[in-house]
1. Just to be sure before I move on: is V132 more than 18 Å from E78 (Cβ to Cβ), in the same structural domain as L79 (by TED's automatic domain parsing) and surrounded by 14 or more Cβ atoms within 10 Å (Cβ to Cβ) in the structure I sent?
2. Name the pairs: first residue in the range 138-160 and in the same structural domain as S107 (by TED's automatic domain parsing) and of a type in the set (S, T, N, Q), second residue outside any strand (DSSP E or B) and surrounded by 12 or more Cβ atoms within 10 Å (Cβ to Cβ), Cβ to Cβ under 6 Å, at least 6 apart or on different chains?
3. Keeping to the range 109-144, report how many residues are touching a helix residue (DSSP H, G or I) at 6+ places or on another chain (Cβ under 9 Å) and in a loop (DSSP other than H, G, I, E, B).
4. Picking from V69, V74, which residue would you name as being aliphatic (A, V, I, L, M) and free of Cβ contacts under 8 Å to residues at least 60 places away in the same chain?
5. Anything in the range 89-119 that is of a type in the set (A, V, I, L, M) and farther than 17 Å from W75 by Cβ? List them, or say none.
Amino acid sequence: MDSASNRLPTTLCRRPERIGGRARTALLHNAPAEKQEAALSGYRVATLVMVFALSCAGAALADPAPLEVQLPGVWQGELPGEEPGEKIRLILTVVRERGILVARMRSPDQDNVDRIAQSVRVTDRRVEIYLVFMTAAFDGTMSDDGSEMRGTWKQHEYTAPLAFRRAVTQ
């Protein structure tokens with residue numbers, strides 16, 4: 001009787017064995033170590049592929065970037081002027097300086113001087129910008145895609161709807 005006929009049939013089992021210096025679960029009973037290592041390598045590759053696929057799917061389903069990340073940039077808006085059909089353009093520039101959001105606003109149709117906002121507050125999708133010098137404030141909501149902020153402009157007793165759209169940079 002040769003040794004091959006005395007071997008037990010190849011079956012799955014879960015006993016720990018040392019393969020390549022690490023404890024592994026033997027997948028094939030009575031199989032040579034090379035075959036067991038090859039089987040484990042296939043499982044490792046499949047596991048890595050699965051982890052990669054799940055991480056890509058998670059990134060695709062993740063929430064949009066936080067508002068603090070989306071807000072910086074140059075924004076353009078228009079307020080109705082005093083005359084019918086007249087528009088007053090507003091340019092809002094938001095930057096992050098030393099971890100803090102800082103905003104400047106100017107109107108090319110008026111004095112075209114930058115006014116520094118005293119506060120920029122963001123909460124969820126809501127944006128609040130307050131300019132003490134102008135006694136003005138913008139209170140709005142960022143769109144889901146981060147391309148627009150719609151809200152209300154208040155200055156003294158004047159209130160008007162205002163939409164800021166992200167400026168196209170060249």
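1. Spelling it out, it is not the case that V132 is more than 18 Å from E78 (Cβ to Cβ), in the same structural domain as L79 (by TED's automatic domain parsing) and surrounded by 14 or more Cβ atoms within 10 Å (Cβ to Cβ).
2. That search, which allows pairs on different chains as well, returns T141/R125.
3. The qualifying residues number 2.
4. The match here is V69.
5. The answer is I100, V113.
The values are calculated or read from the model by the stated rules, or taken from the named source; none is laboratory data. Since the model is a prediction, treat every value here as computed from it, not as a measurement. Cβ sites come from the backbone with ideal geometry, for glycine too, and all protein chains shown count toward neighbours.
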